[in-house]
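Quick note: the coordinates plus some simple rules give every number you see, no bench work behind them. Please read all numbers here as calculations on a predicted model, not as lab measurements. All Cβ positions, glycine included, derive from the backbone under ideal geometry; neighbour counts span all protein chains shown.
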Amino acid sequence: MIVINDEFVTLDTPSGPMRTHIVRPAAPGRYPGIVFYSEIFQVTAPIRRTAAFFAGHGYIVAMPEIYHEFEPAGTVFAYDQAGSDRGNTLKTTKKLASYDADARAALDHLAARPDCTGELGALGICIGGHLAFRAAMNPDVLGTACFYATDIHKGGLGEGMHDDSLERAKDIHGELLMIWGRQDPHIPLEGRTLIRQRLEEVGSHYTWHEFNGAHAFMRDEGPRYDPALAHLCYGLVLELFHRRLGPGDLDG
């Protein structure tokens, strides 16, 4: 299925306008919506290609610029030390409430679109995995996939580096798909164990996968990319979204 990938919307948030990239099936019809959160580098080429993959399978994918209040619209950081430093600085400069308000704005936009069925999910990679985890705390998010979600285990997201994501895991009522790399130094075994124990404590509906992969094994640029593993993981995500969000008009 051909997708269009040049639609942008600007959403109002309490911290200012948020440019959001949209990809969706070109065929007319109504489709489920997914909020897709990027890495700290914002909406890079690998992120856009991942979004196009899911749009081609029948989803409207919205990619917010997570640092919209700090950088001009369209800003993308390079996959280098300078880009990493800037992204990591902003990660703990932005207020936690602003991340949550951004999620609500993106979800509301998708739900209000005439081409959306109103069935909503979330997806994220790296910091985006953490943001997707928090987006799942909204009751209308039915399914969420988190790839190597950083900082959940140590509560390090947002200004003050003292988030409440583990505490608020009890507010997640949709289904979670948690995917990790065993060789990822950002989320060591003890961190992964802490998160899983909390999901068990609160009775989460979740699936848990750990693979032999490094951080960013899904990114199709750089030496850590594992194409075979990425292909497998995409299938897991599609199964979750198809089952929880429905197919929309893709098969109609």
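General remarks:
- Share of pairwise Cα-Cα distances greater than 21 Å in the range 179-252 is 43 percent (whole percent).
- CD proxy at 222 nm, helix term only [per DSSP H run n ≥ 4: -39500 (n - 2.57); per residue of the chain; nearest 500]: -10000 deg cm²/dmol
- Calculated on the Cα set of the range 185-227, radius of gyration then Dmax: 13.1, 37 Å.
- Each other residue within a Cβ distance under 14 Å of L232 adds +1 if Lys or Arg and -1 if Asp or Glu, for a net charge of -3.
- Principal axis dimensions, the chain - Cα atoms, whole angstrom, descending: 46, 37, 36
- Translational diffusion coefficient of the range 10-141 (Stokes-Einstein, Kirkwood radius from Cα pairs, 25 °C, 0.890 mPa s): 167 µm²/s.
- Distance-filtered residues of the range 93-133 - backbone nitrogen under 12 Å, label point 7 angstrom along E159 Cα→Cβ: 93-99
- The range 68-104: chymotrypsin sites (Phe, Trp or Tyr not before Pro) in DSSP loop, at most 12 other beta carbons within 10 Å: none
- Ordering of 230-241, 55-66 by packing [mean C-beta count within 10 Å, highest first]: 55-66, 230-241
- Translational diffusion coefficient (Stokes-Einstein; Kirkwood radius from C-alpha pairs) of the range 92-238 at 20 °C, 1.002 mPa s, in µm²/s: 137
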